[in-house]
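Report on the structure given below.
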Amino acid sequence: MMTGLERYRNTVRGAGVDHLCRVPILMRFAAEFIGSNYAEFASDHRTLVKANLACAEHFGFDQVSCISDPYRETEGFGGKIDYITDGPPRCTRPLEDSKDLALLKNPDPVKSVRMKDRLDAAALYLREVRRAYSILGWVEGPAAEAADLRGVENFLFDLLDDPHFAGNLMDKCVDVAVEFGTAQISRGCDTIGIGDAIVSQVSPGLYRDLIFPRQKKIVDAVHSAGGLGKLHICGNITHLLPDIAGLGVDILDCDHMVDLSNARKIMGPRTILTGNLDPVNDILRGTPSAIRAKVKECFNAAGTPYMVNAGCEIPSGTPEENLRALCEPVGT
């Protein structure tokens, strides 16, 4: 039997695998699985690593991740974090009432508390698992991080009313993402996820002109550092797929609103697609038999290469038998 890392790497290379690779994203679920809570998971890399490894072993994952919440970089830029026991952290927005970029700190991944904690997670994984699992690092995409700094509504107006400022703000976010992502690769991550959820809300024109080139810079930097690039945009990105196809990402997460057969047609035969089970209706509220059938349906629609995943994070409260069904081996 292959190790998780072997299965993951072979899928990337287009080589044979014993069964489909499983790469679900877990945060609060993982914390609670080991009797911890979201606050500990998000604030202490040791809890994050312990929780991911316990779930990987128990349910049969092929990848462990450094993800906890979107505010690692935001804290480095000057945001103030409030940890929540039963939910993701809250964070202040340093530019919510201003467009003065000079108000932002210059995040240093090695010195900024929360960014360093993610680097420590990557290093701890490498010591703990060596070659057993793929290790997923994470950075915020240019639009998502800009929205974290400005607030979602402010940033969406910026894109329309002040694209010059929006571009300058995103450029700062890109520079930090590149440094943060390459630092995670140097600590042991083989893949860097780029989370840019707000992008599903913009038009193809805005995406093409303002966001695509900045995402592309991050993807290219990840590749130059020897890593794989994974794009994660929550929501319906069907209207953006023709442009996303030009990014050169290795892996594309597809939320449940995205038709996998259409995504395959647009993205081409080499991009690995993951998803697109509905985290709530399929995973949290579903049944093991329905989940098994849905996984096969998704694989048939996406074709090879494909990795098993929900459209987004596995929700807290998901029955263990449902997650076990999601991760049951499926032959290729």
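The values are calculated or read from the model by the stated rules, or taken from the named source; none is laboratory data. Values in this document were obtained by computation on a predicted structure and should not be read as measured data. Every residue, glycine as well, gets a Cβ built from its backbone with ideal geometry; the counts of neighbours run over all protein chains shown.
Summary of computed values
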| item | result |
| --- | --- |
| Counted residues, the range 183-207 - those being surrounded by fewer than 22 Cβ atoms within 10 Å (Cβ to Cβ) and polar (S, T, N, Q) | 4 |
| Residue in the range 150-170 that is surrounded by 22 or more Cβ atoms within 10 Å (Cβ to Cβ), within 19 Å of the chain's Cα centre (by Cα) and aromatic (Phe, Trp, Tyr) present | no |
| The range 301-332, subset at pLDDT below 95 and crowded, with 22+ Cβ neighbours inside 10 Å, residue nearest to the chain's Cα centre (by Cα) | CYS312 |
| Flag for GLY141 being touching a helix residue (DSSP H, G or I) at 6+ places or on another chain (Cβ under 8 Å), surrounded by fewer than 17 Cβ atoms within 10 Å (Cβ to Cβ) and under 23 Å from HIS232 (Cβ atoms) | no |
| Residue match in the range 42-61 (condition: over 16 Å from ALA132 (Cβ atoms) and either among the hydroxyl-bearing types (Ser, Thr, Tyr) or in contact with a His (Cβ under 6 Å, 6 or more places away or on another chain) (or both)) | yes |
| Answer residue from the range 97-126, given it is in contact with a strand residue (DSSP E or B) (Cβ under 8 Å, 6 or more places away or on another chain) and under 22 Å from LYS172 (Cβ atoms) and is surrounded by the fewest Cβ atoms within 10 Å (Cβ to Cβ) among those | ARG114 |
| Whichever residue in the range 230-244 is in contact with a Ser or Thr (Cβ under 6 Å, 6 or more places away or on another chain) and under 15 Å from ALA143 (Cα atoms) and, among such residues, is surrounded by the fewest Cβ atoms within 10 Å (Cβ to Cβ) | GLY235 |
| Residues being surrounded by fewer than 23 Cβ atoms within 10 Å (Cβ to Cβ), among the small types (Gly, Ala, Ser) and either out of contact with any Lys or Arg (no Cβ under 8 Å at 6 or more places or on another chain) or closer than 23 Å to PRO109 by Cα (or both) - total across the range 37-72 | 3 |
| Wholly enclosed helices (runs of 4 or more DSSP H) of the range 2-78 bearing at least 1 residues of a type outside the set (Lys, Arg), touching a residue at least 24 places away in the same chain (Cβ under 8 Å) and in contact with a strand residue (DSSP E or B) (Cβ under 7 Å, 6 or more places away or on another chain) | 4-13, 38-43, 45-55, 72-77 |
| The range 271-290, subset at pLDDT 95 or above and assigned to a loop (DSSP other than H, G, I, E, B), residue nearest to CYS21 (Cα to Cα) | THR271 |
| Long-range neighbours under 7 Å by Cβ, at least six apart or interchain, first residue at positive phi and among the charged types (D, E, K, R) within the range 275-295, second part of a loop (DSSP other than H, G, I, E, B) and crowded, with 21+ Cβ neighbours inside 10 Å | none |
| Condition broken by PRO109, with the remaining ones in (1) closer than 25 Å to ALA310 by Cβ; (2) outside any helix (DSSP H, G or I) satisfied | (1) |
| Which listed residue is closer than 23 Å to ALA177 by Cβ and without any contact (Cβ under 8 Å) to a residue 24 or more places away in the chain, from LEU241, LEU228, LEU252, LEU247 | LEU252 |
| Residue match in the range 9-16 (condition: within 27 Å of GLY226 (Cα to Cα) and buried (at least 21 other Cβ atoms within 10 Å of the Cβ)) | yes |
| Residues of the range 76-96 satisfying the condition of being among the aliphatic types (A, V, I, L, M) and over 22 Å from the mean Cα position of the chain (by Cα) | LEU95 |
| Among the candidates PRO94, PRO88, residue that is surrounded by fewer than 22 Cβ atoms within 10 Å (Cβ to Cβ) and in a loop (DSSP other than H, G, I, E, B) | PRO94 |
